[in-house]
1. Scan 128, 163 and give me the residue that is surrounded by 13 or more Cβ atoms within 10 Å (Cβ to Cβ) and under 15 Å from the mean Cα position of the chain (by Cα).
2. Would you call residue 179 at pLDDT 95 or above, within 17 Å of the chain's Cα centre (by Cα) and over 30 Å from residue 55 (Cα atoms)?
3. Tell me, please, whether a residue that is part of a helix (DSSP H, G or I) and either modelled with pLDDT of 95 or more or surrounded by fewer than 16 Cβ atoms within 10 Å (Cβ to Cβ) (or both) can be found in the range 53-73.
4. Check the range 157-176 and report whether any residue there is touching a strand residue (DSSP E or B) at 6+ places or on another chain (Cβ under 9 Å), within 17 Å of residue 84 (Cα to Cα) and without any contact (Cβ under 8 Å) to a residue 60 or more places away in the chain.
5. Test residue 156 against the stated conditions and say whether it is surrounded by 12 or more Cβ atoms within 10 Å (Cβ to Cβ), assigned by TED's automatic domain parsing to the domain that holds residue 94 and farther than 21 Å from residue 106 by Cβ.
């Protein structure tokens, strides 16, 4: 074989390899039906429809538009901190406070925790699993409050934090730190529901 013919054969083979590489690289981004997985931000391609199928809570051509939840269920609340005492006085004489939670909306108590954590130590984190608290107005400011049960005396308000469970653009976080740097701090865990 002549040197020119060998050069042409090698050139042809290189051209074929480059062409195949370009085709293969293109197929990483687009499937055989032309649906682009990379464009489905919060979803995946539906091959039959050649369009994005959105995950729950998302809509739009590219699944990048949040749907405002119709309600949010609070599944867990962690009390991450509270003050050791009130103005230098212990919460309870001879023991630690017996803590429980309340949720307030527009000045009205919409939920009170049925169980109490007795003799709570301010240095520990307390986890409360919640099964009966659904917020029907997720964009409204709520107040999460901590109390010391003092039966038969009136319960002591230990502190509270205002928070808004849902803001458009935050996606749908599993939990939110609810802590304004005051007397109490919380972590609140959510489950979202849509219309």
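The values are calculated or read from the model by the stated rules, or taken from the named source; none is laboratory data. What you see is a predicted model, and the numbers here were worked out from it, not measured in a lab. Cβ: placed from backbone, ideal geometry, glycine included. Neighbour counts: every protein chain shown.
1. 163
2. yes
3. There is no residue in the range 53-73 that is part of a helix (DSSP H, G or I) and either modelled with pLDDT of 95 or more or surrounded by fewer than 16 Cβ atoms within 10 Å (Cβ to Cβ) (or both).
4. Within the range 157-176, one or more residues are touching a strand residue (DSSP E or B) at 6+ places or on another chain (Cβ under 9 Å), within 17 Å of residue 84 (Cα to Cα) and without any contact (Cβ under 8 Å) to a residue 60 or more places away in the chain.
5. yes
Residue-by-condition table, conditions (1) in the same structural domain as residue 157 (by TED's automatic domain parsing); (2) under 21 Å from the mean Cα position of the chain (by Cα):
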{"site": "57", "(1), (2)": "no, yes"}
{"site": "76", "(1), (2)": "yes, yes"}
{"site": "80", "(1), (2)": "yes, yes"}
{"site": "85", "(1), (2)": "yes, no"}
{"site": "94", "(1), (2)": "yes, no"}
{"site": "100", "(1), (2)": "yes, no"}
{"site": "109", "(1), (2)": "yes, no"}
{"site": "115", "(1), (2)": "yes, no"}
{"site": "118", "(1), (2)": "yes, no"}
